[in-house]
Amino acid sequence: MTPGHPLLALEPAELPADAIEVGRILDAWGIKGWFKVLPYSASPEALFTSKRWFLMPSEKGAKTFDGVVRLAVKEAKEHSDSVVATAHEVTDRSAAEALRGARIFVSRSSFPTPNQDEYYWVDLLGLDVVNRESVLLGQVRDLQSTGPQTVLVIAYDGPDGKPAERMIPFVSAYVDGVDLAARRISVDWQPDY
């Protein structure tokens with residue numbers, strides 16, 4: 001960074017051990033230091049509730065800061081198909097433009113507490129999926145939103161030993177329960193479905 005750069009006010013920080021990447025900064029929004037954010041979730045509550053975001057520079061393009069920096073968020077709100085935010089350290093358009101491409105991380109512990117029978121996708125990744133007969137069907141590799149429902153993408157070793165996947169709708173008709181402490185999802189599903 002060069003002296004006088006608008007981002008000199010950003011405080012270097014350590015990325016929290018429970019940091020989750022939740023979005024990236026697209027561009028400046030307006031002239032008063034607001035910036036537009038592309039959230040990685042259709043429900044970006046973590047961006048709204050956390051007042052400390054951790055930024056890392058984009059992998060591509062010009063870097064206006066190095067390493068991890070902390071951003072003290074004043075306000076974040078929905079605006080059409082994205083999120084707009086402002087921070088104490090970002091006071092004008094040029095400072096907001098300098099954040100373009102930055103990756104946004106939030107501490108998992110600052111996520112709002114989900115309601116009963118609601119889960120953050122990030123908490124389901126890697127969980128074992130076991131059916132009612134205690135047969136291990138695999139581990140959650142990903143989740144996909146298909147519109148009306150979410151589908152668990154389960155990774156397992158196929159009969160030929162090659163990696164395979166199965167998809168199970170994440171709905172009460174098939175999911176008996178989620179035990180985050182035991183890192184397991186119980187389902188009404190057979191290996192040959």
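The values are calculated or read from the model by the stated rules, or taken from the named source; none is laboratory data. Just so you know, these numbers come straight off a predicted model, no measurement behind them. As a convention, Cβ positions derive from the backbone with ideal geometry for all residues, glycine included, and neighbour counts pool all protein chains shown.
Could you identify the single residue in 90, 129 that is β-branched (Val, Ile, Thr), touching a residue at least 40 places away in the same chain (Cβ under 8 Å), touching a strand residue (DSSP E or B) at 6+ places or on another chain (Cβ under 7 Å) and outside the structural domain of residue 49 (by TED's automatic domain parsing)? Matching residue, one of 90, 129: 129. Taking residue 59, is it loosely packed, with under 14 Cβ neighbours inside 10 Å, more than 16 Å from residue 105 (Cα to Cα) and not small (Gly, Ala, Ser)? The answer is no for residue 59. Close Cβ contacts (under 9 Å, 6 or more residues apart or on different chains) running from residues in region 65-85 that are surrounded by 14 or more Cβ atoms within 10 Å (Cβ to Cβ) to residues that are of a type in the set (Ser, Thr, Tyr) and in a loop (DSSP other than H, G, I, E, B) comprise 73/50; 76/50. Just one of 71, 47, 99, 55 is modelled with pLDDT of 90 or more, in contact with a Gly (Cβ under 8 Å, 6 or more places away or on another chain) and not β-branched (Val, Ile, Thr); which is it? The conditions single out 47.
Go through region 135-151 and give me each residue that's on the phi < 0 side of the Ramachandran plot and modelled with pLDDT under 95. 141, 142, 143, 144, 145, 146, 148, 149, 150, 151, listed by residue number. For region 157-180, the criterion of being over 25 Å from the mean Cα position of the chain (by Cα), in a loop (DSSP other than H, G, I, E, B) and surrounded by 13 or more Cβ atoms within 10 Å (Cβ to Cβ) is met by at least one residue. In this entry, residue 96 passes the filter for residues that are outside any loop (DSSP other than H, G, I, E, B), more than 28 Å from residue 147 (Cα to Cα) and touching a Phe, Trp or Tyr at 6+ places or on another chain (Cβ under 8 Å).
In region 40-47 there is no residue that is farther than 23 Å from residue 150 by Cβ and either in contact (Cβ under 8 Å) with a residue 60 or more places away in the chain or outside the structural domain of residue 142 (by TED's automatic domain parsing) (or both). Filtering region 109-121 to residues that are within 26 Å of residue 193 (Cβ to Cβ) and either in contact with an Asp or Glu (Cβ under 6 Å, 6 or more places away or on another chain) or surrounded by 11 or more Cβ atoms within 10 Å (Cβ to Cβ) (or both) leaves 119, 121.
Residue count for region 148-187 satisfying the condition of being of a type outside the set (A, V, I, L, M) and either closer than 23 Å to residue 114 by Cβ or outside the structural domain of residue 137 (by TED's automatic domain parsing) (or both): 13. For region 44-91, a tally of residues being assigned to a strand (DSSP E or B) and among the charged types (D, E, K, R) returns 6.
Within region 97-114, one or more residues are farther than 17 Å from residue 189 by Cβ, touching a His at 6+ places or on another chain (Cβ under 8 Å) and either in contact (Cβ under 8 Å) with a residue 24 or more places away in the chain or among the acidic types (Asp, Glu) (or both).
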